[in-house]
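*Asks:* There's a structure below that I have some questions on.
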Amino acid sequence: MSDNSFPGWHGTTIIGVRKGGQVVIAGDGQVSLGQTVIKGTARKVRRLSPGGHDVLCGFAGSTADAFTLLERLEKKLEAAPGQLQRASVELAKDWRTDKYLQKLEAMLIVTDGQELYVITGAGDVLEPEHDVAAIGSGGNFALAAARALMDSDKSAEEVARTAMAIAADICVYTNGNLTVETLG
């Protein structure tokens, strides 16, 4: 297929919620090519444990690109154990300046149970306002829903699950097959 006729991959909603001493990253399982669902059970949330320190990562974008970035992040965390902010900044700097990495098309949400960041290929390491971050096709739907739920009695996991259910009801590139990982 020529670049002009390729319909494009779609489908991922990842959310990170920090509330009540708990941090959750949840992701749906849908991968779509154009208007066709290719897979409904993809696992886009991972737990890394470099140096015995748990870090949760969720990714949106190209799977191969995301795994390349996760491997790089893990190496950065091994070099700076327990220092998620430092490792995230170092990854973002490499991603922005390395000619190979610049071509990677993915975004990450990462947490160590205390810090919560969105890492982008533009060199950004963003700590979200309101303790909620979301990326991917349905990210804005999940973000809006989670922000509305943050003042409720729901736990971080309940907020994430409810927000993802709302996003799945609205976004055709998001489904209800969730992977949820929790710290704290």
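*Asks:* Report, by residue number, each residue of the range 137-148 that is open to solvent by 20 Å² or more (accessible area, probe 1.4 Å) and assigned to a loop (DSSP other than H, G, I, E, B).
*Replies:* Hit for the range 137-148 is Ser137, nothing else.
*Asks:* Filter the range 1-19 down to residues that are surrounded by 14 or more Cβ atoms within 10 Å (Cβ to Cβ) and in a loop (DSSP other than H, G, I, E, B) and give me whichever is modelled with the lowest pLDDT.
*Replies:* Taking the candidates together, the pick is Gly11.
*Asks:* Which residue, of Glu105, Glu115, Glu127, Glu78, is among the charged types (D, E, K, R), surrounded by fewer than 17 Cβ atoms within 10 Å (Cβ to Cβ) and in contact (Cβ under 8 Å) with a residue 40 or more places away in the chain?
*Replies:* Glu105
*Asks:* Any chance you could count how many residues in the range 149-163 are over 19 Å from Lys44 (Cβ atoms), open to solvent by 70 Å² or more (accessible area, probe 1.4 Å) and either aliphatic (A, V, I, L, M) or in a helix (DSSP H, G or I) (or both)?
*Replies:* Residues meeting the conditions: 1.
*Asks:* Considering only the range 40-65, how many residues are open to solvent by 40 Å² or more (accessible area, probe 1.4 Å) and not in a strand (DSSP E or B)?
*Replies:* Residues that pass the stated criteria total 10.
*Asks:* Say whether the condition of being aromatic (Phe, Trp, Tyr) and either free of Cβ contacts under 8 Å to residues at least 40 places away in the same chain or surrounded by fewer than 18 Cβ atoms within 10 Å (Cβ to Cβ) (or both) is met by at least one residue in the range 164-177.
*Replies:* no
*Asks:* Follow-up question, since we're still on this one. From the set of residues in the range 29-39 that are modelled with pLDDT of 90 or more and closer than 18 Å to Ile135 by Cα, which is surrounded by the most Cβ atoms within 10 Å (Cβ to Cβ)?
*Replies:* Gln30
*Asks:* Restricting to the range 88-135, count the residues that are among the aromatic types (Phe, Trp, Tyr) and more than 14 Å from Glu71 (Cα to Cα).
*Replies:* 2
*Asks:* From the list Val89, Val110, which residue is outside any strand (DSSP E or B), at pLDDT 90 or above, buried (at least 16 other Cβ atoms within 10 Å of the Cβ) and of a type in the set (Val, Ile, Thr)?
*Replies:* So the residue among Val89, Val110 that is outside any strand (DSSP E or B), at pLDDT 90 or above, buried (at least 16 other Cβ atoms within 10 Å of the Cβ) and of a type in the set (Val, Ile, Thr) is Val89.
The values are calculated or read from the model by the stated rules, or taken from the named source; none is laboratory data. As the structure is a prediction and not an experimental result, all values here were calculated from the model. Virtual Cβ from ideal backbone geometry, glycine too; neighbours counted across all protein chains shown. SASA here: full protein model, heavy atoms, side chains in, ligands and nucleic acids out. Shrake-Rupley method; radii C 1.70, N 1.55, O 1.52, S 1.80 Å.
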